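What follows is one structure encoded as structure tokens, with my remarks underneath.
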Amino acid sequence: MNQPKPVPPHKNYVPAPPSPKHSLANRANSDFYSSPYFENKRKNSTLLPSPPVITMDQETKNFYFNSADDRPSNQTSPIISTVQPKVNVTMSPAPLGLRSSIHSQLRSLNVEDAVPFRVNPEDVPPRPTSANANLSENVLRGLKRLSNEALATRRGGSPVSQTNNSNSNIIGNTDNSLEDERQRLLHKRIDALNEQNNKLELKLQESTEQRRFAEQEQRQTRLAYEQLAKEKQDLQAKFDAQKRDYETMSKNYLEHVRLIRATDDDHSTIIDRLTHLKSFIEQMIRKAQGSRSVNLNRAVAIEYLKSYGLLDNFPVPERSLEPFHLNLFMEAMVMRALVDRFFDQPLCCVFEYNKGFSQIYDWMNSRNHSQAVRWRQQLCLMLTQDPETKARQDKEVAMTADALTELISGVYNGVNEGSKIRDICNKAFELSVAMTGIDSVIKPVSPPLNTPYNEEYMRTSLKSNPQGKVALVIFPGFKDKEENFNIGPKVWCY
């Protein structure tokens with residue numbers, strides 16, 4: 001069936017202006033409408049048309065495909081822009097011969113002259129990604145040129161002749177080569193993906209084997225951990241039992257070897273207490289004698305000293321005795337009473353078995369000194385903890401205080417120092433217990449009479465001759481057997 005040939009347009013044919021409401025999709029290239037007339041010319045000398053010549057407009061900076069065979073010189077070529085599509089679509093200027101007719105038609109349609117068509121950018125749908133995005137710029141320009149020519153042919157006119165079958169063949173060959181290249185690249189990509197997939201499968205198998213091995217090691221480690229936890233629990237139970245046994249043994253050992261002290265006194269506290277005791281006795285006698293010894297009863301004092309034989313070896317004759325001599329004798333008599341009743345006892349004045357204790361202690365000390373000391377300390381501790389000790393202490397203190405009060409009251413007229421004397425006796429009792437309960441017993445020691453004065457060891461009293469010899473021991477010295485404790489005596493020298 002023969003199809004009718006398309007009728008070429010008249011040479012004075014003027015295309016209708018594009019409507020503002022025309023779809024943007026039908027105007028792929030706005031410059032298409034700028035060419036009012038296209039004439040099909042064909043050269044008989046060649047089979048193929050001459051290739052288009054690419055030129056650039058110096059004002060618009062756009063490229064044009066021009067053919068010298070079938071394009072008149074006074075017509076405007078279609079414009080193919082190399083920049084990205086813009087939203088605002090404008091009309092390229094028409095030829096000068098057609099502007100008057102176009103303007104007349106626009107006036108008849110009440111359309112403003114020279115007003116370009118405008119499109120709202122928000123109404124333009126986004127352009128999808130082209131399938132030819134990977135092609136070069138020259139290939140894209142050729143494809144766009146050919147598509148514009150095909151579109152112009154369907155409208156009844158084209159800047160390129162409809163009989164250019166060779167161009168179609170070239171386009172087909174180009175499409176086939178592009179498709180082959182695309183297929184080759186696709187197969188190459190598929191091969192690369194398959195190779196990568198194989199590598200991943202190998203890695204997956206290795207990871208699976210490693211995981212299986214790790215799980216097996218984890219099970220073995222868990223079993224070993226449970227076994228160790230059980231062993232730890234057993235060892236912890238044994239350790240707790242041994243710890244309790246050790247604490248019991250340690251407690252027993254400390255009970256056995258710890259120091260047994262009847263009091264908390266040591267050498268320093270004992271020295272302080274002895275010094276205070278000596279000061280108390282001196283102050284009591286000084287207060288009892290009064291100013292210039294007005295309270296001193298000379299006859300009673302001399303009679304008392306003669307009864308004890310204290311004046312027999314005294315270098316000063318009886319008639320030459322002065323009041324300070326008698327006052328020194330009274331201090332010595334008070335201290336002698338305290339030594340006899342409290343300080344010079346084997347264990348304690350309230351202990352009933354002092355004589356037997358002394359014999360047993362000497363026997364033990366000669367064989368095992370540490371055991372003898374421990375035994376003595378245990379007895380002192382038991383005496384301090386005995387509830388009957390307090391009553392016996394009060395009894396002994398009262399007897400000693402009454403005797404000393406009677407002496408002081410008889411020698412010094414109108415003086416009653418009973419409370420002070422009782423306080424002094426209590427201090428002497430407690431001090432004797434402390435000196436007996438330490439490691440080495442501290443005992444009173446008096447230097448012999450007529451001993452030359454030693455200023456490094458002895459202390460002198462009132463009106464004493466530092467170059468003379470000891471005539472009276474007022475306050476005895478105190479020391480232990482190991483000589484770790486030593487306090488010098490207070491003496492009067494003549």
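The values are calculated or read from the model by the stated rules, or taken from the named source; none is laboratory data. All of these numbers come straight from a predicted model, not from anything done at the bench. Because the Cβ atoms are built from the backbone with ideal geometry, glycine has one as well, and the counts that use them run over all protein chains shown. Just so you know, the surface numbers come from the protein's heavy atoms only, side chains and all, with ligands and any DNA or RNA stripped out. Shrake-Rupley method; radii C 1.70, N 1.55, O 1.52, S 1.80 Å.
When Trp375 is tested against (1) within 23 Å of Asn484 (Cβ to Cβ); (2) touching a residue at least 40 places away in the same chain (Cβ under 8 Å), just one condition goes unmet, and that condition is (2). Of the residues that make up the range 262-270, is at least one among the polar types (S, T, N, Q) and at pLDDT 90 or above? Yes, the range 262-270 has at least one match.
Does any residue of the range 340-356 turn out to be within 21 Å of Glu482 (Cα to Cα) and surrounded by fewer than 14 Cβ atoms within 10 Å (Cβ to Cβ)? Scanning the range 340-356, I find no residue that is within 21 Å of Glu482 (Cα to Cα) and surrounded by fewer than 14 Cβ atoms within 10 Å (Cβ to Cβ), so the answer is no. Examine the range 364-373 for a residue that is among the small types (Gly, Ala, Ser) and open to solvent by 50 Å² or more (accessible area, probe 1.4 Å), and state whether such a residue exists. Yes, the range 364-373 contains a residue that is among the small types (Gly, Ala, Ser) and open to solvent by 50 Å² or more (accessible area, probe 1.4 Å). Go through the range 324-339 and give me each residue that's over 22 Å from Ile438 (Cβ atoms) and either among the aromatic types (Phe, Trp, Tyr) or open to solvent by less than 60 Å² (accessible area, probe 1.4 Å) (or both). If the condition is that a residue be over 22 Å from Ile438 (Cβ atoms) and either among the aromatic types (Phe, Trp, Tyr) or open to solvent by less than 60 Å² (accessible area, probe 1.4 Å) (or both), then Phe324, His325, Leu326, Asn327, Leu328, Phe329, Met330, Glu331, Ala332, Met333, Val334, Ala337 are the ones that fit.
Which ones in the range 472-484 are part of a loop (DSSP other than H, G, I, E, B) and at pLDDT 90 or above?
If the condition is that a residue be part of a loop (DSSP other than H, G, I, E, B) and at pLDDT 90 or above, then Pro476 is the only one that fits.
Let's see how each residue does on (1) out of contact with any helix residue (DSSP H, G or I) (no Cβ under 6 Å at 6 or more places or on another chain); (2) closer than 22 Å to Lys278 by Cα:
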| site | (1), (2) |
| --- | --- |
| Val339 | yes, yes |
| Val350 | no, no |
| Tyr353 | yes, no |
| Phe357 | yes, no |
| Leu404 | no, yes |
| Ser409 | yes, yes |
| Lys420 | no, yes |
